[in-house]
Amino acid sequence: MGGTFDPIHFGHLVSAEEAYFALGLSEVIFVPTGNPPHKRAKLVSSAEDRYTMTLLATLDNPHFKVSRLEIDRGGDSHTVDTLREMRHWYAPGSTELYFITGLDGVLDILSWKEPYEIVELCQIVAASRPGFNSSRIRDLPEPIQKAIIPLEIPLLAISSTEIRERVLDGKSTRYLLPWTVEHYIFKKSLYIRNGR
Ligand code: ATP
Ligand code: MG
């Protein structure tokens with residue numbers, strides 16, 4: 001499961017947990033992005049802070065792991081490069097890879113680097129997200145559609161953007177994300193100093 005995770009919240013965690021059980025996965029690896037190409041113009045918290053928050057959020061789940069692969073690679077992060085590298089972690093033919101993403105992400109897939117290569121490397125799990133209609137998957141080119149597994153999850157209208165705005169506005173973020181992450185945000189004064 002890839003993401004900026006700035007910060008990680010219950011929308012991410014419930015998607016991963018539902019995918020784990022629905023597809024009978026052996027584990028879910030969270031991969032916080034290094035320097036996200038789509039978000040370069042915006043201010044993004046340091047990779048180390050996002051990595052730490054992802055660790056804090058996933059700590060109590062024995063089938064969740066966190067990888068530093070994109071963070072340590074530095075530079076631009078592209079899903080296709082990460083998937084290629086992950087393929088080498090496992091013996092050929094022994095493991096299937098699934099890329100877990102929200103419906104908003106998958107509907108944008110044609111703007112990603114080498115989307116046709118991505119669907120050769122993995123299947124894509126598209127978790128439902130409020131505001132995005134899964135019938136739009138049918139508008140994607142056939143080879144891409146075939147690799148997509150739509151997944152209905154309990155809909156949570158939570159986004160990292162909304163959480164950052166709430167912190168900046170002094171509003172409560174309780175029950176939107178794990179308390180460990182909430183405490184880390186306040187301890188490090190994230191989302192306050194640099195504004196939106
Ligand atoms: P931002 O507002 O900064 O874009 P975000 O909440 O969309 O943050 P990302 O880190 O961009 O979080 O998302 C990582 C992945 O998690 C994406 O594939 C995204 O579609 C998915 N995702 C994020 N929030 C939800 C949610 N509430 N329900 C389902 N999927 C989600
Ligand atoms: Mg997003």
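For Leu97, state whether it is hydrophobic (A, V, I, L, M, F, W, C) and within 26 Å of Arg166 (Cβ to Cβ).
Answer is no for this residue.
Which of the residues belonging to the range 13-28 are in contact with a Leu (Cβ under 7 Å, 6 or more places away or on another chain) and surrounded by fewer than 19 Cβ atoms within 10 Å (Cβ to Cβ)?
Once the filter is applied, which keeps residues that are in contact with a Leu (Cβ under 7 Å, 6 or more places away or on another chain) and surrounded by fewer than 19 Cβ atoms within 10 Å (Cβ to Cβ), the range 13-28 yields Val14, Glu18, Ala22.
Taking the range 109-123, which residues are surrounded by 13 or more Cβ atoms within 10 Å (Cβ to Cβ) and either within 10 Å of ligand 1 (Cβ to nearest atom) or not in a strand (DSSP E or B) (or both)?
Passing the criteria: Ile109, Trp112, Lys113, Glu114, Pro115, Tyr116, Glu117, Ile118, Val119, Leu121, Cys122.
Output the residue which, of all residues in the range 149-196 that are near ligand 1 (Cβ under 9 Å from one of its atoms), in contact with a Leu (Cβ under 9 Å, 6 or more places away or on another chain) and part of a loop (DSSP other than H, G, I, E, B), is nearest to Ala16 (Cα to Cα).
Only one residue tops the list, namely Leu156.
May I ask you to verify whether Asp60 is among the charged types (D, E, K, R), farther than 23 Å from Arg164 by Cβ and either in a helix (DSSP H, G or I) or within 15 Å of ligand 2 (Cβ to nearest atom) (or both)?
no
Here are some residues: Asp72, Asp76, Asp49, Asp104. Which one is in contact with a Lys or Arg (Cβ under 9 Å, 6 or more places away or on another chain), free of Cβ contacts under 8 Å to residues at least 60 places away in the same chain and over 25 Å from Ile153 (Cα atoms)?
Answer to the selection: Asp76.
Can you pull out every residue in the range 87-107 that is more than 16 Å from ligand 1 (Cβ to nearest atom) and either exposed (fewer than 11 other Cβ atoms within 10 Å of the Cβ) or of a type in the set (Ser, Thr, Tyr) (or both)?
His88, Tyr90, Ala91, Pro92, Gly93, Ser94, Thr95
So is Pro154 surrounded by fewer than 17 Cβ atoms within 10 Å (Cβ to Cβ) and in contact (Cβ under 8 Å) with a residue 60 or more places away in the chain or not?
Here the answer is yes, as Pro154 does meet what is asked.
No value in this document is a laboratory result; all are computed from the given coordinates. Not measured: the values here are computed from a predicted model. Using ideal geometry, Cβ is built from the backbone for each residue, glycine included, and neighbour counts are taken over all protein chains shown.
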